[in-house]
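The values are calculated or read from the model by the stated rules, or taken from the named source; none is laboratory data. Remember, it's a predicted structure, so these values are computed and weren't measured experimentally. Cβ placement follows ideal geometry from the backbone for every residue including glycine, while neighbour counts extend to all protein chains displayed. For accessibility, only protein heavy atoms count, side chains too; no ligands or nucleic acids. Shrake-Rupley method; radii C 1.70, N 1.55, O 1.52, S 1.80 Å.
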Amino acid sequence: MNIITICKKELNSYFRSPIAYGVMGFFALVTGYFFYAAVVFFVNRSLEAAMQGQSQPMNVDEWVVRNVLSNISVVCLFLIPMMTMRIFAEEKRTGTIELLVTSPLHDFEIIIGKWLGALTLYACLLGLSAVNMLTLYAYGTPDWRPLAVGYLGLLLQGGALLAVGTFISSTTKNQIVAGVAGFCVCLLLWVLDWVSSFEASALNKVISYLSVVSHFESFSKGVIDSKDVIYYISMIVLGLFLTARSMESMRWRA
Amino acid sequence: MIKVEGLTKRYARHVAVDHISFEVTKGQIVGFLGPNGAGKTTTMRMLTCFMPPTEGSAEVAGFDVQQNPMEVKRRIGYLPETPPVYPEMEVAEYLDFVARIKNIPKAGRQQRINQVMERCAVADVRNKEIGKLSKGYRQRVGLAQAIIHNPDVLILDEPTAGLDPHQIMETRDLIKELAGEHTIILSTHILPEVEQICERVVIIAKGKLVATDTVENLTRGLRGAEIVALEVMGGDESVIRERLERIAGVSKVTLKEPAGGPAHGMLRLTIEGDKAQNVRPELARAIVESGWQLNELHGMSMSLEEIFLELTGDKTEVSADAAEAPGAAL
């Protein structure tokens, strides 16, 4: 299967270069810190609550899982441009894109293969953070369902941003340009959410709807909202579709 | 095998390829000749389905590049100017990847990879990272990549550019070896290369087709006069000239300064004579009878380079190209 071949090749080049290790190391460090901070905070609060004589035990899912997942979703905004910046820019610069395009492959096989490769690396990152979460089970019994939904949300959000990053990378030969532009777009998609707190005008609602982070909120609570799923999936489709158009235009102009 | 008709590629501001038509029959090696920026790469990119033509059509093995790109791609092996290799991959691993995307079935894939590695003499570096190989090796890995699916047509864009003279010879030999099984189009701006490897030449300049013929026909057809080079000693320049010009059939005598100035009264002359009359014996006799010393006398055939200059009328570009090309023994 051509898509799998391309995907494997992508993963191979991630793990042959320092990118994968750098991103994974940084991610493990940051999420480990978030997790530690959230747990310590949770333990302190539960102790206080017990001393004040509250009978209801505090919810781990709400206090630890949700916080950590929300933090991870923001950290990913910064890591994803690093993962996608080389995806097409590098092949265009070195000329290997000519090999792919003149091989009996369809454009969509190349694009989806590459995107899946990046998504797999991203899933590895999430797997690293999941190790933290598993330690919770050694000391308590958190509900696994909100956790699973949270990770599903992270995967969807990552997939959407990776698709956007792939598109940006396909428009340039320069990795750094692709990285910086991808970073700007991710940042923008994050801060769009802030306007929702100003006033509830129709425009603000639209702008806020476009933000990737606002759609993650319900996932972090363990709720799968079809509105959010549709948002992420349509963003993936749009990103990959634009990449296909950009590849086509590259052939006309190059 | 390849049929190109009115192929045109137009960009926003200029025309890169302007209504080019030619045909290549099965098993031929065709040289694509032209100065830099003549439109060689663009034509090749259209043939390999990398970019669609603005106008006209191209057919490879009976399939149109626009209607049936998948079929065309299956039958073409393409080596772009810079070999499309992934520096972080090992040679065998890279060829395995290429074999997969060229849809070589699993059975026999490994065998085929070993075969092309032997063929292109890269088997000894099979487990080395491509990025750490020399330019010559990388070029051969690129060639291995192009022939791995045993394509009917091989398209090679400047296969010897940037190699040292030894590597150029190796690559040329390899291409000649491959000629039996594949139809080959190779582009170059180095003229001797075409004379050595190719059976036919397609000359383009500024996007336009200038000539397409066999190498012999081109050399023969354009040569109006026989040219003879002479080296004479022991006489006065003007006397020698005058004597030689009197010989029947000699139309022009020109003095060539020897490199490093005229030494020991030695004169180098170029004589243009009528093709029908063989002037060489008469020249020799005249010189000897006059008591001069004849050091050298040989006929010069018109080189492809001169043909090229005559056809394109673009002297500066070609001589600059030839000068910068290493190993171009002009």
Given 10 °C, 1.306 mPa s and a Kirkwood radius over Cα pairs, the Stokes-Einstein diffusion coefficient of region A:92-235 in µm²/s is 91
Stretched fully, the stretch from A:Asp143 through A:Tyr209 gains (0.36 nm per residue minus C-alpha distance, one decimal, in nm) 20.9 nm
Residues whose modelled amide H sits under 5 Å from the amide H of B:Ile29, counting only those 5 or more places away in sequence or on another chain, are B:Ile184, B:Glu199, B:Arg200
The answer for B:Lys128, listing residues at least 5 apart or on another chain whose modeled amide H is closer than 5 Å to its amide H, is B:Val91, B:Ala92
Placing one equal point scatterer on each C-alpha of region A:175-254 and summing with Debye, one gets log10 I(q)/I(0) at q = 0.15, 0.22 Å⁻¹ equal to -0.70, -1.11
Once both label points are put 7 Å beyond Cα along the C-beta direction, the A:Arg245-A:Phe198 separation in nm becomes 2.8
So, with points 7 Å from each Cα along the Cβ direction, the B:Asp64-B:Ser238 label distance in nm works out to 7.2
With every protein chain in place, the accessible area of B:Arg246 for a 1.4 Å probe, in Å² rounded to the nearest 10, comes to 150
Per residue, the convex hull enclosing the Cα atoms of region A:130-186 spans a volume in Å³ of 89
Rounded to the nearest 10 Å², the accessible area of B:Glu310 using a 1.4 Å probe with every protein chain kept is 110
Accessible-area order for A:Thr94, A:Thr31, largest to smallest, probe 1.4 angstrom, reads A:Thr94, A:Thr31
Both in Å, the radius of gyration and Dmax of the C-alpha trace of region B:2-112 are 16.1, 49
Restricted to chain B, the DSSP antiparallel beta bridge percent, nearest 5, is 70
Under the 7 Å Cα-to-Cβ spin-label approximation, B:Ala107 and A:Val237 lie apart by a distance in nanometres of 4.1
Residue-normalised 222 nm signal for chain A, counting each DSSP H run of n ≥ 4 as -39,500 (n - 2.57), nearest 500 deg cm²/dmol, is -27500 deg cm²/dmol
For region B:14-29, Karplus-derived ³J(HN,Hα) couplings (6.51, -1.76, 1.60; θ = phi - 60°; whole Hz; x for glycine and proline) come out as 9, 9, 7, 9, 10, 6, 9, 9, 6, 9, 10, 8, 4, x, 7, 10
In whole percent, the fraction of accessible protein surface over region B:100-251 that belongs to carbon or sulfur atoms, probe radius 1.4 Å, stands at 48
Burial-style ranking of B:137-149, B:57-69, B:230-242, average other-beta-carbon count within 10 Å with highest first, yields B:137-149, B:57-69, B:230-242
Given a 1.4 Å probe, the accessible area of chain A per residue, as a whole number of Å², is 47
Diffing region A:158-166: the Karplus 3J(HN,Hα) column from phi (6.51, -1.76, 1.60, θ = phi - 60°), in whole Hz with x for Gly and Pro, holds x, x, 5, 5, 5, 5, 5, x, 4
For region A:190-253, the percent of accessible surface on carbon and sulfur atoms (probe 1.4 angstrom, ligands and nucleic acids excluded) is 68
In debye to the nearest 20, the charge dipole size for the protein assembly as shown, taken about the Cα centre with +1 at each Lys and Arg Cβ and -1 at each Asp and Glu Cβ, equals 1340
note: the protein assembly as shown, Cα-Cα separations exceeding 31 Å make up a percent value of 62
Residues meeting the amide H criterion for B:Asn295 (H placed from the backbone, H to H distance under 5 Å, 5 or more places apart or on another chain) are B:Glu231, B:Val232, B:Met233
Ranking B:Lys256, A:Lys205, A:Lys92 from most to least accessible area with a 1.4 Å probe gives A:Lys205, B:Lys256, A:Lys92
Diffing region A:187-197: the Karplus 3J(HN,Hα) column from phi (6.51, -1.76, 1.60, θ = phi - 60°), in whole Hz with x for Gly and Pro, holds 4, 4, 5, 7, 6, 4, 4, 4, 4, 4, 7
With a 1.4 angstrom probe the carbon and sulfur portion of accessible area for region A:15-77, in percent, totals 63
Using alpha carbon positions and the Kirkwood radius, the Rg to Rh ratio of region B:105-208 is 0.99
In nanometres, the difference between 0.36 nm per residue of separation and the alpha-carbon distance of B:Lys128 and B:Gln277 is 47.5 nm
Ignoring ligands and nucleic acids, B:Lys206 exposes an accessible area, probe 1.4 Å, in Å² to the nearest 10, of 150
Residues from region B:44-84 losing no less than 30 square angstrom of accessible surface in the full protein assembly compared with the chain alone, 1.4 angstrom probe, ligands and nucleic acids excluded, are B:Arg45, B:Phe50, B:Pro52, B:Met70, B:Lys73, B:Tyr78, B:Pro84
The Kirkwood hydrodynamic radius of chain A, taken as the inverse of the mean 1/r over all distinct Cα pairs, in Å, comes to 19.5
For region B:1-40, the Cα gyration tensor yields equivalent-ellipsoid semi-axes (√(5λ), largest first, whole Å) of 22, 13, 6
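For chain B, take the convex hull of the Cα atoms, compute a quarter of its surface area, and give me that in nm², please.
Numbers: hull surface 81.9 nm².
In nm², the orientation-averaged hull projection of chain B is 20.5.
Run the numbers for B:Met169 and B:His19: contour at 0.36 nm per residue of separation, minus the present Cα-Cα distance, in nm.
Values: separation 150, 0.36 × 150 = 54.00 nm, distance 3.39 nm.
Here the answer is 50.6 nm.
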Taking a probe of 1.4 Å and leaving out DNA, RNA and ligands, chain B shows per residue an accessible area in Å² of 44
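R0 = 30 Å: FRET efficiency of B:Glu310 with B:Asn36, Cβ-based, nearest 0.05?
Values: r = 19 Å, r/R0 = 0.64.
Rounded to the nearest 0.05, the efficiency is 0.95.
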Using alpha carbon centers only, region B:71-150 is separated from region B:181-250 by a whole-angstrom value of 38
